[in-house]
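One structure is given below, encoded as structure tokens.
FYI, it's all coordinate maths here, none of it is from the lab. Being a predicted model, the structure only gives us computed values, none of them experimental. When we count neighbours, we look across all protein chains shown, and the Cβ atoms used for this are built from the backbone with ideal geometry, even at glycine.
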Amino acid sequence: MLIINNTSTDPSRNLLLEENLCSLGVEVFMLWRNSPSVIVGRFQDIAAEVNTEFSEANGIPIVRRNSGGGAVYHDLGNVNYSFIQRDDRRLTLEHFARIIMVTLEAIGINSRLEFRHNDILADGLKISGSAQYRHNGILLHHGTLLFDTDLSVIPKILRRSGRVTNIRPLLKHDMTVDEFISAVRDNITWGDSK
Amino acid sequence: MITFNEDVLYTKSNEWAENLNGVVRMGIDDYSQSSLGDIVHVEVAGSGTHVAAGKSFGSVEATKSVSDINAPVSGVIVRVNPEVLKSPAIINIDPFGEGWIAEISPDDPSELDGLMDASAYKSFIR
């Protein structure tokens, strides 16, 4: 497993990097962040999902990803994770959500799985969502961890947004986003999601 | 509960294929559709496109995951099921029947011999 702490915060560059890593032929776990941007799902209609006037006025780029799912707002308070490995249909959204939940628990965050979309909730609000892309026998599973995002932007820029919250205020002992990234990296386990 | 159709052949990437008088009808199997969940979008190359065995010629999108649709054999697409393009959820309901995706005129029908039968496939995915 190649573990990458990607320090680039350019959304287009990061999504391209992720795509290129899929053709490397090695297992990858990557943590990364994007500067303010909207990342839309593979087949989404941008006009229906994003307030493009707001995004243009605020210089927030809209970038399309290869995986499914809905539009999400990213900023430097949101931590993304990616798993890249050989595809196996048993590697479901739930499989990875459980890995993330175990990791969050180790950091002191109790969460539960929302079964319809396999979102991760804390206090009944979404803290993490994920999506997958299977191509050429390789599975990309990636997701968001809302750590300290400016939540006030979300309803302004997304036409449809669910109820979300940040992880940071739920911590017993405060940490910075960089410390959170290190904690996720140190506590992540794979192959054993139980 | 995963259903296996004993009359079709299977690929390692979870497609099924059936020889219908020289034309290979294909789709994604029950194992695949059930692990993907609700299928909301199907995109495939059109009739007349030459496809290569094991290579992607389209994709299927479930609520949050996008997967390749790979050709079980090399050949030319002769027909795409218009019903699954309109109502992709048919694949969830009847993956081996009404949910077929495309028909391919194979370059070499013996390529089907390289696919797995239901019993080999069952052990493969276990």
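From the set of residues in region B:24-35 that are part of a strand (DSSP E or B) and touching a Ser or Thr at 6+ places or on another chain (Cβ under 9 Å), which is nearest to the other protein chains (Cβ to nearest Cβ)? Break it down stepwise before answering.
Step one: list which residues in region B:24-35 are part of a strand (DSSP E or B), which gives B:24-28.
Retained after the next criterion (residues that are touching a Ser or Thr at 6+ places or on another chain (Cβ under 9 Å)): B:24, B:26, B:28.
On the way: B:V24: 21, B:M26: 17, B:I28: 10 Å.
Out of the qualifying residues, it is B:I28.
Look at region A:101-116 and say how many of its residues are within 13 Å of another protein chain (Cβ to nearest Cβ) and either among the basic types (K, R) or buried (at least 19 other Cβ atoms within 10 Å of the Cβ) (or both).
Adding up the residues that qualify gives 1.
Can you tell me how many residues within region B:69-88 are buried (at least 20 other Cβ atoms within 10 Å of the Cβ) and within 14 Å of another protein chain (Cβ to nearest Cβ)?
Looking only at that region, the number is 4.
Read through the list (1) over 24 Å from B:V60 (Cα atoms); (2) not in a loop (DSSP other than H, G, I, E, B), then give the number of the only condition that A:L139 fails.
Of everything listed in (1) over 24 Å from B:V60 (Cα atoms); (2) not in a loop (DSSP other than H, G, I, E, B), A:L139 misses just condition (1).
From the residues in region B:63-104 that are polar (S, T, N, Q) and part of a loop (DSSP other than H, G, I, E, B), which one is farthest from the chain's Cα centre (by Cα)?
B:T63
Mind checking whether some residue in region B:36-53 is closer than 29 Å to A:A71 by Cβ, of a type in the set (A, V, I, L, M, F, W, C), part of a loop (DSSP other than H, G, I, E, B) and away from chain A (no Cβ under 14 Å)?
Yes, some residue in region B:36-53 is closer than 29 Å to A:A71 by Cβ, of a type in the set (A, V, I, L, M, F, W, C), part of a loop (DSSP other than H, G, I, E, B) and away from chain A (no Cβ under 14 Å).
Select from region A:117-130 the residues that are more than 14 Å from every other protein chain (Cβ to nearest Cβ) and within 19 Å of A:E179 (Cβ to Cβ) and list them in ascending order.
A:A122, A:I127
Which of the residues that make up region A:56-89 are within 14 Å of chain B (Cβ to nearest Cβ), over 22 Å from A:G25 (Cα atoms) and touching a Leu at 6+ places or on another chain (Cβ under 7 Å)?
A:A71
Taking region A:21-69 as the search range and keeping residues that are touching a helix residue (DSSP H, G or I) at 6+ places or on another chain (Cβ under 9 Å) and assigned to a helix (DSSP H, G or I), which one is surrounded by the most Cβ atoms within 10 Å (Cβ to Cβ)? Steps first, answer last, please.
Filtering region A:21-69 down to residues touching a helix residue (DSSP H, G or I) at 6+ places or on another chain (Cβ under 9 Å) leaves A:28-41, A:46, A:50-52, A:54-55, A:58, A:60-66.
Add one more test, that the residue is assigned to a helix (DSSP H, G or I), and what stays is A:46, A:52, A:54-55.
Working: A:I46: 13, A:T52: 15, A:F54: 14, A:S55: 21.
By that ranking, first place goes to A:S55.
If you scan region A:90-100, which residues turn out to be buried (at least 18 other Cβ atoms within 10 Å of the Cβ) and either part of a loop (DSSP other than H, G, I, E, B) or away from chain B (no Cβ under 14 Å) (or both)?
Of everything in region A:90-100, those that are buried (at least 18 other Cβ atoms within 10 Å of the Cβ) and either part of a loop (DSSP other than H, G, I, E, B) or away from chain B (no Cβ under 14 Å) (or both) turn out to be A:L91, A:T92, A:I99, A:I100.
Determine if region A:159-169 includes at least one residue that is over 12 Å from the mean Cα position of the chain (by Cα) and more than 20 Å from A:P36 (Cβ to Cβ).
Yes, that holds for at least one residue.
Residues in region A:70-89 that are of a type in the set (A, V, I, L, M) and assigned to a loop (DSSP other than H, G, I, E, B): how many?
As a first pass, look at region A:70-89 and keep what is of a type in the set (A, V, I, L, M): A:71-72, A:76, A:79, A:84.
Next, from what is left, pick out any that are assigned to a loop (DSSP other than H, G, I, E, B): A:71, A:76.
Counting residues in region A:70-89 that are of a type in the set (A, V, I, L, M) and assigned to a loop (DSSP other than H, G, I, E, B) gives 2.
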